[in-house]
Amino acid sequence: MKLSRKIFLLSAVACSMMVAHGAAHAHAAKGPTDPADERARQVLAHMSLQDKMSLLFSVDGGGFNGSVAPPGGLGSAAYLRAPAGSGLPDLQISDAGLGIRNPAHIRKDGAAVSLPSGLSTASSWDVDMAREAGAMIGREAWQSGFNVLLGGGADLTRDPRGGRNFEYAGEDPLQTGRMVGSTIAGVQSQHVISTLKHYAMNDLETSRMTMSADIDHVAMRESDLLGFEIAMETGHPGSVMCSYNRVNDLYACENPYLLTRTMKQDWHYPGFVMSDWGATHSSARAALAGLDQESAGDHADARPYFQTLLAADVKAGRVPQSRIDDMAQRIVRSLFAQGLVDHPPVRAPLDVVTDTLVAQRDEEEGAVLLRNEGNVLPLATTARIAVIGGHADVGVISGGGSSQVDPIGGEVVKGPGKKDWPGDPVYFPSSPLRAMRAEAPAAHITYDPGTNIAAAVRAARAADVAVVYATQFTFEGMDAPNMHLDGNADALIAAVAAANPHTVVVMETGDPVLMPWNSSVAGVLEAWFPGSGGGTALARLLFGKVAPSGHLTMTFPQAESQLAHPDIAGVNANNVFEMQFHTDQELVYDEGSDVGYRWFDRNHLKPLYPFGHGLTYTTFATDGLVAGYHHKQLTVTFNVRNTGTRPGVDVPQVYVGLPDGGARRLAGWQRVKLAPGESRQVSVQVDPRLLAHFDGRHDRWDIPSGRFRVWLGTSAVDDSQQVTVHVHGRTMAP
């Protein structure tokens, strides 16, 4: 066993002992100034131990494997009945981060509006858009009777083949933290608790139930955990969901280093920790480590640990009653803090038109224009256009799993009827083809399904421009076995591009993909999973009604050999269930904190498209870069000018390099909207943690003294503008 691993396990044991003996003082130390804490204490003072323990265990909400909704439940991920006479609301708990899920169609009125994928929202780099998107799904949850939403996915993308990458925000901790935290804040503005998940290191689906993610805890604090920390500071989630996997040998939901030492002590988190569905493995060990609530324990876990087993542990003295008090306090505090008690849900019809417009704007801001040779885009409104493939005649694809939303209007592509999880891909009834025809009625637009390459080639030759829609279906429970588009898409695109040099590819994908045809096509638009308003958004982008403004939050490699881990062990298991439990493997993240673009920078690798890249229909120039360090704050100032002929949005990015070397780090950005010829001075204040190393011995951040390099660029590989600034080192208070 490595020395760092031994230190980690020893610190975990110490944390467990500290929880056992000090839980009673966790909230008392905060004092009575927090109204939510004080109100929770007053309610709990009149509760019996049995009533308090009833708050620690939710039951299956119905729909999974044919289960029915429990009495009082609406039909959802889970349900918790509040103690009688407590004045507290029942918890109606719904998936997920893109909209309101209806498991197994258990609710007759369960269709909802879906946001585009989390990657699309993140690629907007627009915290206001993220908050508005969160508010939309929070409002739909509240109007549907739910008061807990299982969103807020903040796991970093350590592998671009991850099955759930589409739910998350990308590979950078600052960008992830700010964007996911803003979405959480939006959800909770509607008096709905949002989770922050899946804590932590749940970066792959392969062997997710058993795998140990092994990483030095200093590197983890500087990468994955920093993303969670910033999301927590930004969004103040009422709950954190711990993940399935092990972290340095210990299950995340019974890992005191993660749950207590880091989150509750270092970050002073006042809310509660709920388990993922099936992620609880013990009673006393999990409770002492910091788990506060077992989720759907009657159905998802091997045993209902936080019922009779935990009661027996308390009676035998293995778990002190003070720990139960702390668990209940954290839960009830969140109910008051997020308004669940004072503003219970009022069932009402959804405002589908307004909410779909939010989803549409989210996609318009998040789609990324990767390539635009010869200004093939925007399309002329009088052109002959061949639309090919991707079921673009009827809708847009979505990602599968617990984030899947039942489409309003129903599913528009009939699949083969796959019974295994997660079923057939679901297409939302938002047709890009119909929207393109509506956007450009004078254009001659034909459609070919792309199933016969020869027919598609004939259609392309007869057109001025060919627009190929290509998909990649990814989903919870399984990682992509490779980085290719679905089916015959690569061959189709290559053949169409050979027939028509004015070929544009619209990619609806859950991950970055390899693009062997990239240099042969004129345009590439990464649309991610476009959501309920996707068809209209894509048409408006293609014809220039709105200009693309998205920028990548994930690196597109040239080949899988460039990745920190070129292969995923066990990815070719026979089915989803086998894949999740395939092996008790240990995955050593020896790249440490150098995730994504940092790995490419450290190893001098050239990506296909770098982190931060994104084109638009105008041009921008930046100058006047100045970096100053005053009053313990690094501030970067520069000018941005729209040098083109159209209004547009620029996203200039600031990166820093520490004096003792290492990969560059994203330190901040600004999203700037400018009219043609307009200029603006912009300032970015750098989070001090991005100038620091984490000191694992003292649980604090240390900023070294010396000359820091500051880059201003259009992506993580843009070295065109840089300055240096001297920073006086200091230790940041833990």
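Scanning region 573-600 for residues that are modelled with pLDDT of 70 or more and open to solvent by 40 Å² or more (accessible area, probe 1.4 Å) gives Asn575, Glu578, Phe581, Glu586, Val588, Asp590, Trp599. For Val113, are the conditions met, namely being under 30 Å from Val649 (Cβ atoms), surrounded by fewer than 23 Cβ atoms within 10 Å (Cβ to Cβ) and not polar (S, T, N, Q)? When the stated conditions are applied, Val113 does not pass them. Does region 196-209 include one or more residues that are over 14 Å from the mean Cα position of the chain (by Cα) and either among the basic types (Lys, Arg) or surrounded by fewer than 24 Cβ atoms within 10 Å (Cβ to Cβ) (or both)? Within region 196-209 (the criterion being over 14 Å from the mean Cα position of the chain (by Cα) and either among the basic types (Lys, Arg) or surrounded by fewer than 24 Cβ atoms within 10 Å (Cβ to Cβ) (or both)), the answer is yes, since at least one residue qualifies.
Listed conditions (1) buried (at least 23 other Cβ atoms within 10 Å of the Cβ); (2) on the phi < 0 side of the Ramachandran plot; (3) modelled with pLDDT of 95 or more are all met by Pro89, apart from (1).
Applying the criterion of being assigned to a helix (DSSP H, G or I) and closer than 27 Å to Pro501 by Cα to the residues of region 364-404, the residue that is least open to solvent (accessible area, probe 1.4 Å) is Gly366.
Going by the structure shown, is Ala456 hydrophobic (A, V, I, L, M, F, W, C), within 30 Å of Ser519 (Cβ to Cβ), under 28 Å from the mean Cα position of the chain (by Cα) and surrounded by 15 or more Cβ atoms within 10 Å (Cβ to Cβ)? Answer is no for this residue. State yes or no: is Arg139 modelled with pLDDT of 95 or more, open to solvent by 10 Å² or more (accessible area, probe 1.4 Å), outside any strand (DSSP E or B) and under 19 Å from Glu229 (Cα atoms)? Criteria not met by Arg139. Right, Pro256: open to solvent by less than 10 Å² (accessible area, probe 1.4 Å), modelled with pLDDT of 95 or more, more than 22 Å from Leu149 (Cβ to Cβ) and not hydrophobic (A, V, I, L, M, F, W, C) or not? So Pro256 fits the description; yes. Per the listing Gly612, Gly570, the residue uniquely touching a His at 6+ places or on another chain (Cβ under 6 Å) and at pLDDT below 95 is Gly570. Residue selection: Phe611 satisfies the criterion of being within 30 Å of Gly713 (Cβ to Cβ), open to solvent by less than 30 Å² (accessible area, probe 1.4 Å), of a type in the set (Phe, Trp, Tyr) and not in a helix (DSSP H, G or I). Can you pull out the residues in region 259-282 that are open to solvent by 20 Å² or more (accessible area, probe 1.4 Å) and in contact with a Phe, Trp or Tyr (Cβ under 8 Å, 6 or more places away or on another chain)? Listed by number, the list holds a single entry, His281. Restricting to region 231-252, what's the tally of residues that are within 20 Å of the chain's Cα centre (by Cα), open to solvent by less than 10 Å² (accessible area, probe 1.4 Å) and not small (Gly, Ala, Ser)? Selection size over region 231-252: 6. Counting only strands (runs of 3 or more DSSP E) that sit wholly inside region 641-734, those with at least 3 residues that are of a type outside the set (Lys, Arg) and either under 21 Å from Glu222 (Cβ atoms) or open to solvent by 20 Å² or more (accessible area, probe 1.4 Å) (or both) are 653-657, 665-669, 679-685, 693-695, 700-703, 706-713, 721-727. Go through region 414-444 residue by residue and tally those that are open to solvent by less than 30 Å² (accessible area, probe 1.4 Å), of a type in the set (Gly, Ala, Ser) and at pLDDT 95 or above. The qualifying residues number 5. For Thr183, the conditions (1) assigned to a helix (DSSP H, G or I); (2) open to solvent by less than 10 Å² (accessible area, probe 1.4 Å); (3) under 25 Å from Phe475 (Cβ atoms) all hold with the exception of (2). Residues that are at positive phi and either part of a loop (DSSP other than H, G, I, E, B) or among the polar types (S, T, N, Q) (or both) are absent from region 455-470 altogether.
Of the residues in region 290-306, at least one is assigned to a helix (DSSP H, G or I), touching a Ser or Thr at 6+ places or on another chain (Cβ under 8 Å) and open to solvent by less than 10 Å² (accessible area, probe 1.4 Å). Within region 693-713, residues that are of a type in the set (Asp, Glu) reach partners that are open to solvent by 10 Å² or more (accessible area, probe 1.4 Å) and not in a strand (DSSP E or B) with beta carbons closer than 9 Å, at six or more positions or on different chains, in the pairs Asp695/Val218; Asp695/Pro734; Asp699/Arg261; Asp699/Gln265; Asp699/Asp266; Asp699/Pro734; Asp702/Gly729; Asp702/Met732.
Scan region 320-336 for residues that are in a loop (DSSP other than H, G, I, E, B) and under 26 Å from the mean Cα position of the chain (by Cα) and the total you get is 0. Could you check, for region 337-357, whether at least one of its residues is under 24 Å from the mean Cα position of the chain (by Cα), at pLDDT 95 or above, within 27 Å of Pro449 (Cβ to Cβ) and part of a helix (DSSP H, G or I)? Yes; the residues of region 337-357 include at least one that is under 24 Å from the mean Cα position of the chain (by Cα), at pLDDT 95 or above, within 27 Å of Pro449 (Cβ to Cβ) and part of a helix (DSSP H, G or I).
The values are calculated or read from the model by the stated rules, or taken from the named source; none is laboratory data. Keep in mind that what you see is a predicted model, and the values were worked out from it rather than measured. Neighbour counts are summed over all protein chains in view; Cβ atoms, including those assigned to glycine, are modelled from backbone coordinates with ideal geometry. The area values use the complete protein model at the heavy-atom level, side chains included, leaving out ligands, DNA and RNA. Shrake-Rupley method; radii C 1.70, N 1.55, O 1.52, S 1.80 Å.
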